[in-house]
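**Student:** Pasting a structure below so you can have a look.
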Amino acid sequence: MLNTMMMRGQDRELIPFSLTFVTADLKKDTGGKKITYDEAVFVGGPSKRDKARNPNHFANMTRNIRHKNSDRITTIHPHLVIKFNGMLLTQ
């Protein structure tokens, strides 16, 4: 799933994908809502500017995505993804 999220087409643009995931926030003890993005793209890669805070996506097992027609970035946990490109994921 993660490799598919980062795939690019022949024009070097990211290929959109669809996914449904469940929200969870252990610090606030909230979540449980299902959110579906019909056309999402992966956001990430090396950054050229220094960041004050390192999100450490590998250790935290998180990825940033955004809807294709929006600039709002959403952080997801791949373990909380229920459906990817129409396929139901089992865990």
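**Student:** Stretch K28-H79 to full length: gain in nm at 0.36 nm per residue minus the Cα-Cα span?
**Tutor:** Taking 0.36 nm per residue and subtracting the Cα distance, the gain is 16.5 nm.
**Student:** Taking H as built 1.01 Å from N, whose amide H comes closer than 5 Å to the amide H of K68, not counting residues under 5 places away?
**Tutor:** E39, A40, V41
**Student:** In whole Hz, what ³J(HN,Hα) sequence does the range 72-80 give by Karplus (6.51, -1.76, 1.60; θ = phi - 60°), x for Gly and Pro?
**Tutor:** Those phi angles translate into 6, 8, 10, 8, 10, 9, x, 5, 9 Hz.
Throughout, read-outs are computed from the coordinates displayed, never taken from laboratory work. None of the values given here were measured: they were computed from a predicted structure.
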